[in-house]
Amino acid sequence: TAGGRWLDLNLWDACTANFNASDRIGEAMYVGLDLSQRDDLCAAVFIWVAEDVFHIGAHFWVPRATAELYEQRDGTPYSKWAEDGHITSLEQPTIDTAARRSIASHILTTAQSHKVKAVCYDRYKADECIAVIEAGKLVCVPIAQGYSISPGCFELERRLKEASIVIADNPVLRFCAENAEVKGDDKGNIWPVKPNAKGEYAGKRSAKIDGISALVTALTEARKHAFPAAKKQWAGVVEVI
């Protein structure tokens, strides 16, 4: 069951450092998407995979009306985040077809200068956006939510503890990290949920975790990147010096 913050923010902050995406062009990239069904926050997380470290970047989208509501009611600084370029304020009142195409366009533009291996997504919410991305010839991988993203959750925990992850400074992503709790099952699987979820999916609507959901969705696939080489080594293919 959920209860209490999942991620250690001291570890998170210790792994936070700005970097130039242009320096990561030669590395494989995995993208994680978490899209709103109606009028809420959408997240895209980018993971550059190197042998010893993963670099993490993120961008967010939200309808301006929704952002203004949360800012007025809860004091969440969406306008400052938008001004600083961490989030795109959408004129549309909902995440409609035009908004989804805009998000897809951002992914495709990023892919022009990076080696995107897979765009990982929750099939339940991403159909229109994924159709555009697939038309742009990128590989898209549906990742079931719930216990299926448990490997991505454990990968994030491990890398934060080992400091083998570099997270670009993004206050929206940190806000999501601050809010995320986890729910578990009797097999030891965990997955992120909002505060006060109490066994239900919704939880507290203004406490966003979309960036973390997108991150662990992408990590579920990105962690496999080195698996083929490892299999060769175990099979005795790698030459012993």
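The values are calculated or read from the model by the stated rules, or taken from the named source; none is laboratory data. Since this is a predicted model, take the numbers as computed values, not measurements. Cβ sites come from the backbone with ideal geometry, for glycine too, and all protein chains shown count toward neighbours. The accessibility values were calculated without ligands, DNA or RNA, using every heavy atom of the protein model including side chains. Shrake-Rupley method; radii C 1.70, N 1.55, O 1.52, S 1.80 Å.
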Pseudo-spin-label distance residue 72 to residue 113, built 7 Å along Cα→Cβ, given in nm, is 3.8 nm
Roughly how many nanometres apart are two label points built 7 Å out from the Cα toward the Cβ at residue 92 and residue 52?
-> 4.4 nm
Computed over segment 93-192, the relative contact order (Cα-Cα under 8 Å, seq sep at least six) in percent reads 24 percent
Go ahead and set up a Gaussian network model of the chain, Cα springs under 10 Å, then flag whichever of 134, 51, 178 fluctuates most.
-> 51
Kirkwood Rh for segment 43-151 from C-alpha pairs, in Å, is 15.5 Å
Roll a 1.4 angstrom probe over the protein heavy atoms and tell me the percent of accessible area of the chain that is carbon or sulfur.
-> 50 percent
Using 0.36 nm per residue, how much length does the chain from residue 10 to residue 127 gain when fully extended, once their Cα-Cα distance is taken away?
-> 38.5 nm
Value of [θ]222 nm, deg cm²/dmol, for the chain, DSSP H segments ≥ 4, -39500 (n - 2.57) each, nearest 500 | -11000 deg cm²/dmol
Give me the distance between the Cα centres of segment 36-74 and segment 135-187, rounded to whole Å.
-> 13 Å
Leaving out ligands and nucleic acids, note down the accessible area per residue over segment 65-177 with a 1.4 angstrom probe, in whole Å².
-> 49 Å²
Quick one: among 38, 73, 101, which has the greatest mean-square fluctuation in a GNM of the chain with alpha-carbon springs under 10 angstrom?
-> 73
Taking a crude spin-label model, label points 7 Å out from Cα along the C-beta direction, the residue 101 to residue 79 distance in nm is 3.0 nm
Note on segment 134-226: contact order normalised by length, alpha-carbon pairs under 8 Å, 6 or more apart, percent, works out to 35 percent
Taking r as the C-beta separation of residue 37 and residue 162 and R0 as 45 Å, the FRET efficiency to the nearest 0.05 is 0.80
Dividing the mean separation of Cα pairs under 8 Å (6+ apart) by the residue count of the chain yields a relative contact order in percent of 29 percent
